[in-house]
Every structure is written in C-alpha cells, then in structure tokens.
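Data block below; observations after.
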Amino acid sequence: MKKTNLLNYLLGTIILVSASSVYAGVKLDDIDVASDDRLLFTAEQKVPGVAEYKSLYCTKLGDEKITSDPVLLTCFPERMELLDEGKILQIRNKDGLSRYSTEEGKITKVDDGNHGKTLRTFPIASSQDGKWYCTVNPVKKATGNLVLVNSKTLLQKVLVENVDLDYSSMKVKWAPDGKALLYENNNSVYFATPDAVVKNLQVNENFRKIGEGSIDSVQWTQDKKIIYLKDDVVYCIEQNELYTRGLYSALVGNGKIISRLPVEFNCLTDKFWCNGKGNRIAVISRGNILSIYTVGIEEKNAHAKVDLICPLTEVAGTSLGYEMFWTADGKALLWNDSMDYADNEKTGTIYSVENNMAVVAKASRSIAPVMSPDNRKLAYTDNGALKVFDLSSMLETASYDKESVISVAWAGRNALYIGGKKTVGFFNVLTKESNILFLSSVDKAYWNAGFIVTKISDEKGFYCYDAEKNIWVPYRIPDVELSAKDKNGRYRAYVGKATNAKYDNTIFVRCLSGKTYTYSVFPDAMKETCNGRKVALALDAMENSEGLGKVLHVLSEYGIKVTFFLNGEFIRRYPEKTRLIANSGNDCGSLFYTAADLVENNFVIDASFITRGLARNEDEYFAATKKELTLLWHAPYYHDTQLIRTSGNTAGYEYVSAFSKFSDRTTYERSQEKAEPYKSASEIINGMVEGLEDGMIIPVCIGKANGTRKDYLYEKLDLLIAAILESGYEITDVQGLK
C-alpha cells in the first residue's frame, strides 16, 4: 500500500462528521496521537434499537482547535442493498450513506440529504436490477416525501408528498423487470414508470390508478402481471395494459376477473402474497387465519379453490408479524416472528403450509429473512449467526458464525454480502469461504509506522486502513505490542467531562509548546444544555390485545420502561398476555375492573363503587400474575370527575391524567358522527412531538377501536419513541416523572 497523506485524501472522499451530528449518549475514547499531530479516537454509538458499536475517527490537531473536522473510517451495516446490477453494495447507518464498488473494491461516502435527521435508518424498496429505488425523505418526525432515486446518479423525483414514515416496510412494489412500480397514495394504488418520472413525462396520477385499496392489495407475478384484490374479487392486470386501463378505467374496469374469494379481503387488516405464476395466493386475515387458494379458473365468477385454511392460534407466544415465501418449485412457506410467553424472547419460525402448518426451522432474535434471487434459499440469523436454508430440501445448507450478523444482501444465487458487527464481507454459500471487504467497527486502533492498524480478533488478525480505497486490508506487523500515545511533543489529548447532555464525555487537547491553551475537539460538548426533560409513556390495555407483542418487542429493543395500565376486562380475557406484561419489567397500574365509560349518563357511581372496583382489579391481577399493581390508576378513556379521582385517593391510589388533544380512538365513523377531526397515527405523532413538554404523559392504547381506522398509534410506537428521543427528551414510566 502506498503511504499517502491520509488526512488530505480522506477530506476529499469521506463525508465530514460535525459535532452536531453526534447523538446523545456518545462516548469518546481510545485516543492515539501520532507524531505528525493526527488524532485517532473512537465514538461508541448508543442508538436505541441499533446494536452498539464503536466507530473510528481521525482528525488533525491545531494550536487552538482541530484543523479539520473528524473523519469516519469505519462503516456500520445497519442496512445494506445491492444496486446497479450488482456493481454497488450500499451501506446505510445514522452516519450517512456509503457505497462499496464491487468492481473497484472501493468505498465512497455519499450525501443523500438525510444525514443526521433521524436516529435510525428507514428501509428502501429497490428494483430487482438495482437501477432504481424508492425511499421516504423525512420532512416531519413521522411523515416525509416518497421519492424515486436513480441508483447511479442519485437523481431524486418526488412521487408522493406527506406519506407515513415506517421503520419496517415501504409502500412500494417493483415489477420484476424494474420498468414499473406500484405505490400507495390516499387509500388507492397507482403505478409509475421510472423513465417517465425522471423525464417529467408521467401522465396525471388520476390516469395511473390501479384501484382503491392499500399496497397490500396488489402483488406482481414473475411474468409482470399484477394480481389485485378488491373485496372478494381477484383481478389480473397485464403490465402492458397499465396505461390503457388507467385512461379508460371507467369503461374497462379494474382488470380481468380471474376468481372470487369466499371471504372479502380487507386492505386495512389483511395481507396477501401470490406465487410467481399468479395462480396461487395466500391471505392472512386480521393476523389470525391463513388461507391459501388456487385462482385463475376460467369461469368469470368462479370461486377460488381452497387449498388450506389454518388458524394461526398454534403459533407459540404472541405474534410480531408474518411473511410469506413462495419457493422456485411452488411451495408455500410462512415465516412468523413471535415473542415467547415464558421468556419474552423473539423467535422466528419457518412453517411449511402446503397441507398443514408444520415447523421446519426456528431461529432466535433473527434479522428479517431474505430470499435468494432464484427463490431457492432463505438467509436469516439465529442468535447472531447467519443461516442459509435450502427451500427444496428444507435443510440448513450453510452457516457463518464468526461474528454477530446485522444485515445481509444476496450477491447472486450462491453468494452473500454479510454485514457483521465487526466486518463486512463476502460469503460463498457453496464453498463456505469468506473474505473481509472492510470494517464495520473497531474496539481500538493504533498508529504504526504511519499506518492506522487494528486487531479484529485472534483468528482474523490485524488490518490496516487503505486510504486510497477507504477500506481495510490484512496487515502483518512485527512481533511487538501495539500501544497508544496520548501525546507527542506539541499536544496532549485526554478524555474529560462534557457539559452538553448530548455527550457522555469529550476529548480535550492541550498545547504543550508555545501558547498554553486547552480546547475540546467538539466545541458543542462544552455548551450548556437543558438537562432532565422527561416524558412518560402510558400503555393502556383495555379490551383487545392486538399488537401487544410488537409493543413489548419495541420497548425491549429501545431499552425503555413504561407504565402499563391494565383493565379488568383485559386481565380476564388474556391472562397469559397479562403475565407477559407483568414479567416484562414494566410498571403496571390499574385501569379499573370494567371498560365502561364511567361518566356516561347511564352510570350512577359513588365512592364505594370506585374503591370496590379498584380492589377487584387488584385481586384479578394478582390471581393472574402473583404480583401486585402499582398504586397508580386512571378511569377508562381518561374520562373522570372530581368524585372519581378523590375516591381513588381514599383507596390509596394516585390518579394519572394524560395528554388528550389527539387520540387514535377517533374512527372514521366517530369523526362523522361527532364532528371530531380524524388524524392518522403519523399525524398524531407529529402533533404530539410539536407540543412536547417536560413531565407530559403520553397515552397509547393497545388494540383496535370499535370502528374503522387506517392505522393506530401502537402500530407506530417505534416511530413515536424515536421522535421523542430525537426531540431531546428522556422517556420513563409515570413514577419516573416524580
């Protein structure tokens, strides 16, 4: 490797990381000062919901301040995608977007305009050839603009404004050849062609409408047809007919009817998948029932043939979500993520669902499974180890357990890019061989003969930073012990206390020659900030349990403790799920023994009614969990009177009032009847965050309301938590506000 002026080269190739982009909780450490005044240090990223890791930075010291912004030398693979027909491996994390050229073996840092806006990265939807992808650029905390991006030029075009942000999915589906895409907007599905979009030749959206519904109402087949479900009707639309049907939809309808379902499809609660030929579909209704049908029967109004109807009640624990896979030979497989009632651990299970539900594999704490391009293999993780599952033999055919795997991207039928906690590498599924491309993170790095060197592990040995390609290469060093230096003849660097709450500490530099002066590498770290702002989350379990598993998983993922308020109706209906909440480590208060609205005119209540109701709820909770409730409570729906509040006080309970300006209990029907404004979950989050105050209690109700809503706040709890944290607030349980 050529010995170059490392710092000057880095400034031209890597994005500069300013102090303002360092998130709360960052810990600076592992300093090493070179003889030419270059400084190495690590920053440990403590981002909720993302694995902890150390990033390596380099900067140049000066007499009164650093002479260049710190430069990032590692690349953590929070998300990875293969783009531009396999020529680019894209790596994304909160530090920004990087691209590894598979032809040149070189990393380039790219500014996509979203750097520093969010704690975590959002998914993208890329075309199969990787020439295009769609993403949502955040505008507010929970909403943004859906854009189409040219993978090579990074040219962006807005498809839809003001769409919901989502950490787990994109409301876009690409045609197999990448020449068209489907997207959702305002409760309808539309198509677009990327070439027309970038050339500003796209016709008005009204003429590109597939039909009413959501992105879950449509699927592409391998021969580029669209299967569209509306109510109980199954439509088939040819890709070459899209514009014709868009322009003349009033005359020709939504497409060719190929079957009718025995049960209507609800695009708000149901999901469906089709096989490559489009002649078999699988529907999961309300997350409870799996149905598989054969469709495409010649008679126009013929009902689909029922291949399988299976209740999903056999799933162990509480479900976090489902995904369906169709193998190359037409077999149907179901992946289910669930949270075990016994230990609250996330488990992924693969079921064969041809004749019945049969377990074929299990995995603990897996990443989202990824199908190979030929639909013959499935990649997932089990306790951090990569597993490759052959879908023909239904057996594990390869594994990689040298480090914890964070993300993967298929590089063909038999190869994978593996994003590990320490390295990003290439893995051959057939030969089981792997090689390191670059480093994800480092524990510590050193200067050695002018080079930056780190030891990955005893097995993988030492690696040296290649400034020309921005990657790391194997390095053989003399048999000497590496040691870091905190000073040279001109400067001494040390770690000290920061006054800014966004920093756990900071790095100070003291000049040892000439004018005596001490400064912080990050000046913002020494600026006073408003500390101690807190809000509490109150999770209300009233009558339904939908989404409880995901809620508990999100809380665990973010390491946040909240207060659950449990109603007697919930405890009686779901004793197992009540125990799941009780054993989760969260605070549990009372939501009274009945779910009735206590201030309605048909109720006549007195102090005895309240105290007896609270006592009954205590008894039922103890019978279910063998634990006691915290002496906090609120009335159902937070509807109360002075009598209700004081009666609870006499029973030893403290009454809790919560933020009530916005609510996801307002359904479409209630909005019409009561003239209450209907707001989506994302709009509610935006409104809540804009009005955050120290000491605020934010209510989130588990389960669905009686009526129709497109989405619920509990479904976007991860987005709400991230928005609060990004606004500079700590999240606690109700007692933590005292």
Would you work out which of N279, G211, I237 lies farthest towards the positive end of the dipole of the stretch 204-296? Charges go on Cβ: Lys and Arg +1, Asp and Glu -1. N279
Can you give the relative contact order of the stretch 143-298 as a percent, counting alpha carbon pairs under 8 Å and 6+ residues apart? 15 percent
Measuring from centroid to centroid over Cα atoms, what is the spacing of the stretch 613-648 and the stretch 651-693 in Å? 22 Å
Report, as a whole number in µm² per second, the diffusion coefficient that Stokes-Einstein gives for the stretch 651-703 at 20 °C and 1.002 mPa s using the Kirkwood radius over alpha carbon pairs. 168 µm²/s
Report the convex hull volume per residue for the stretch 534-737, counting only C-alpha atoms, in Å³. 116 Å³
Give the percent of DSSP beta bridges with both residues in the chain that are antiparallel, rounded to the nearest 5. 90 percent
Expressed as a rounded percentage, what relative contact order does the chain have, with Cα pairs under 8 Å and six or more residues apart? 11 percent
Debye calculation, C-alpha points only, no solvent: report log10 I(q)/I(0) for the stretch 26-181 at q = 0.19, 0.20, 0.21 Å⁻¹, in the same order as the q values. -1.21, -1.29, -1.36
Longer than 21 Å from Cα to Cα, which of K346/K432; K179/K199; K60/K515 are they? Say none if no pair is. K346/K432
Let me know the Kirkwood hydrodynamic radius for the stretch 671-738, please, with Cα pairs as the basis and the value in Å to one decimal. 13.4 Å
Sum -39500 (n - 2.57) across every DSSP H segment of at least 4 residues in the chain, then divide by the residue count to get the 222 nm mean residue ellipticity, nearest 500. -4000 deg cm²/dmol
Of 494-505, 273-284, ordering from highest average Cβ density within 10 Å down gives 273-284, 494-505
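Taken together, the values in this text are just the output of simple stated rules run on the coordinates, not laboratory data. Remember, it's a predicted structure, so these values are computed and weren't measured experimentally. Note that we place each Cβ from the backbone using ideal geometry, even for glycine, and neighbour counts take in every protein chain shown.
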